[in-house]
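Heads up: the structure comes next, in structure tokens.
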Amino acid sequence: MATNGIAKGKNSGHVTETIERKPKASHRKGTLGKRVALCREIAREVCGLSPYERRILDMIKTGGSAADKRVYKFAKRRLGTHKRAVAKREDIKAVNAAQRAKAAGA
């Protein structure tokens, strides 16, 4: 907001020119980089799913209408937080979709 040079009021204060600063590096914390994404993809390809992830995948495949809730509850018990459980559920759903697409294409 620009100041108007008047001592009183909403935009009071000495008239100055704002300096454009580049954003702090800390503001990109948590953003997935290309290198990390590639490393994780290779690790998933080589190692496959862990036993509890396989169990979640099985629940998704066999479960009916309440499968989402059961998967969430199981993942939350294993991972500890709501956010991690929801993220894991979506991740395994994506793995399931990729497997189904691969099976349909082949």
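Can you compute the charge dipole magnitude of the chain about its Cα centre, using +1 on each Lys and Arg Cβ and -1 on each Asp and Glu Cβ, nothing else charged? Give it in debye, rounded to the nearest 20. Each step should come with its number before you reach the end.
Numbers: 27 positive and 9 negative charges, 87 e Å.
Roughly 420 debye for the chain.
Report the per residue volume, in Å³, of the convex hull enclosing the C-alpha atoms of the chain. Let's see the in-between values first.
Numbers: hull volume 24.4 nm³, N = 106.
Here the figure is 231 Å³ per residue.
Find me the longest stretch of the chain that has none of the exposed trypsin sites (Lys or Arg not before Pro), where exposed means in a DSSP loop (not H, G, I, E or B) with at most 15 other Cβ atoms within 10 Å. Show your work: numbers first, answer last.
Details: sites that count: Lys8, Lys10, Arg21, Lys24, Lys29.
The longest uninterrupted stretch comes out as 30-106.
Using a 1.4 angstrom probe on the protein heavy atoms only, line up Ser65, Ser26 by accessible area, largest first. Could the numbers behind the result be given before it?
Values: Ser65 125, Ser26 80 Å².
From most accessible down to least: Ser65, Ser26.
Specify, per residue and in Å³, the volume enclosed by the convex hull of the alpha carbon atoms belonging to the stretch 1-60. Mind showing how you got there, number by number?
On the way: hull volume 10.7 nm³, N = 60.
Spread over its residues, the Cα hull of the stretch 1-60 gives 178 Å³ apiece.
How much accessible area per residue does the chain have, counting only protein heavy atoms and a probe of 1.4 Å, in square angstrom? Walk me through the numbers before you get to the answer.
On the way: 9140 Å² over 106 residues.
Ligands and nucleic acids excluded, the figure is 86 Å² per residue.
Round to a whole number: what % of the accessible area of the chain belongs to carbon and sulfur, probe 1.4 Å?
On the way: 5060 of 9140 Å².
Heavy-atom surface of the chain belonging to carbon and sulfur, 1.4 Å probe: 55 percent.
Round to a whole angstrom and tell me the spacing of the C-alpha centers of the stretch 9-31 and the stretch 33-94.
Value for the Cα centre distance between the two parts: 40 Å.
What are the ³J(HN,Hα) couplings of the stretch 10-17, residue after residue, when phi is run through the Karplus curve with 6.51, -1.76, 1.60 and θ = phi - 60°? Round to Hz, x for glycine and proline.
Each residue's phi maps through the Karplus curve to give 5, 9, 6, x, 5, 6, 10, 9 Hz.
What FRET efficiency would be calculated for the residue pair Arg44, Ala66, taking the C-beta separation as r and a Förster radius of 30 Å, to the nearest 0.05? Can you show the working numbers first?
On the way: r = 28 Å, r/R0 = 0.92.
About 0.65, to the nearest 0.05.
Which one, Gly63, Ile92, Ser26, projects farthest toward the positive side of the charge dipole computed for the chain from Cβ point charges (K/R +1, D/E -1)?
Value computed over the given set: Gly63.
Could you give the DSSP H helices of the chain that reach 15 angstrom or more along their long axis (alpha carbon positions) and whose average Kyte-Doolittle hydropathy is no lower than 0.0? The partial results should precede the final answer.
Details: long enough: 34-47 (20 Å, 0.06); 51-62 (16 Å, -0.73); 67-79 (17 Å, -1.20); 82-105 (34 Å, -0.81).
What comes out of the filter, once short or polar helices are dropped, is 34-47.
Among the GluC sites (Glu not before Pro) within the stretch 2-106, which fall in a DSSP loop and have no more than 12 other Cβ atoms within 10 Å of their own Cβ? Spell out each step's value before the answer.
Numbers: sites: Glu17, Glu20, Glu41, Glu45, Glu53, Glu90; in loops: Glu17, Glu20.
Filter output for the stretch 2-106: Glu17, Glu20.
Checking the table Lys61/Lys88; Lys34/Lys73; Lys69/Lys93 against a 25 Å threshold on Cα-Cα, which pairs fail?
Values: Lys61/Lys88 15 Å; Lys34/Lys73 31 Å; Lys69/Lys93 13 Å.
Pairs exceeding the cut-off: Lys34/Lys73.
The values are calculated or read from the model by the stated rules, or taken from the named source; none is laboratory data. Predicted model, so just to flag it, every value in this text is computed and none were measured. All Cβ positions, even for glycine, are placed from backbone atoms using ideal geometry, and neighbour counts span all protein chains on display. Side chains are part of the model used for accessible areas, which takes the heavy atoms of the whole protein and leaves out ligands, DNA and RNA. Shrake-Rupley method; radii C 1.70, N 1.55, O 1.52, S 1.80 Å.
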